[in-house]
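Below is one structure, written out as structure tokens, with a few remarks after it.
The values are calculated or read from the model by the stated rules, or taken from the named source; none is laboratory data. Since we're looking at a predicted model, the values are computed, not measured. Cβ sites come from the backbone with ideal geometry, for glycine too, and all protein chains shown count toward neighbours. When the accessible area is computed, the model is the full protein with side chains, heavy atoms only, and any ligands, DNA or RNA have been set aside. Shrake-Rupley method; radii C 1.70, N 1.55, O 1.52, S 1.80 Å.
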Amino acid sequence: RGWKAQAGQDIKQRLGAILGKEFAENAVEVEGERDGATLSGYAGLPTYSRGNSLQQYLFVNGRPVRDRVLLGVVRAAYQGFLARDRHAVLALFVEMPPQLVDVNVHPAKAEVRFRDTQGVRSMILRGLREALAAAGHQASTTVAFDALSKMQPNSIQPEQAQAAMGFH
């Protein structure tokens, strides 16, 4: 059940293959559980964001959804971390007993209705906030390297920036 990586790949490697190496380097693991529902996936650091929400991938019991409730909880979780015009990059997977979710709400089945909407919202919000808080000291490698190299033009090479930040 649910989303599975190809043989020999973990989910983060597979997401990196789909969303790009930079996503894999700048994403934190998200986990959660509540009342028989589980949350897993990866979310980009706040410093690794986009100008639109097109790279927000949400799955419920293996089905891709573009649900307003779920997109709203993602926005709420990143509030205070992202500027209003920026959007997180993420792939989240919610698994739950089928009787707790109705997938026949929307003709294209892009939206779902949860028996316990508040519980699912709370699980996702907590999972994202805990992952972001745990990674609070991290900055996107792309943004950080660019910032370091711009501080002293032509004096810091990428390898020096990586070493200075503790990346080897």
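Listed here are the residues, each with its yes/no results for (1) more than 19 Å from Val73 (Cα to Cα); (2) modelled with pLDDT of 75 or more; (3) in contact with a Leu (Cβ under 6 Å, 6 or more places away or on another chain).
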position	(1), (2), (3)
Leu100	no, yes, no
Asn104	yes, yes, no
Glu111	no, yes, no
Asp116	no, yes, no
Gly119	no, yes, no
Leu128	no, yes, no
Ala139	yes, no, no
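Please tell me if Asp67 is over 16 Å from the mean Cα position of the chain (by Cα) and of a type outside the set (S, T, N, Q). Lay out the reasoning, then the answer.
On the way: over 16 Å from the mean Cα position of the chain (by Cα): no; of a type outside the set (S, T, N, Q): yes.
No.
Just a yes or no: is a residue in the range 86-108 closer than 22 Å to Ile11 by Cα and open to solvent by 80 Å² or more (accessible area, probe 1.4 Å)?
Looking for residues that are closer than 22 Å to Ile11 by Cα and open to solvent by 80 Å² or more (accessible area, probe 1.4 Å), one finds none in the range 86-108, hence no.
Go through (1) farther than 28 Å from Arg84 by Cα; (2) touching a helix residue (DSSP H, G or I) at 6+ places or on another chain (Cβ under 6 Å) for Lys12 and report which single condition fails.
Of everything listed in (1) farther than 28 Å from Arg84 by Cα; (2) touching a helix residue (DSSP H, G or I) at 6+ places or on another chain (Cβ under 6 Å), Lys12 misses just condition (1).
Would you please name the residue that is modelled with the lowest pLDDT, looking only at residues in the range 4-49 that are of a type in the set (D, E, K, R) and loosely packed, with under 14 Cβ neighbours inside 10 Å?
Kept after step one, since they are of a type in the set (D, E, K, R), are these residues of the range 4-49: 4, 10, 12, 14, 21-22, 25, 29, 31, 33-35.
From what's left, loosely packed, with under 14 Cβ neighbours inside 10 Å: 4, 10, 21, 31, 33, 35.
Working: Lys4: 49, Asp10: 81, Lys21: 90, Glu31: 96, Glu33: 96, Asp35: 91.
Only one residue tops the list, namely Lys4.
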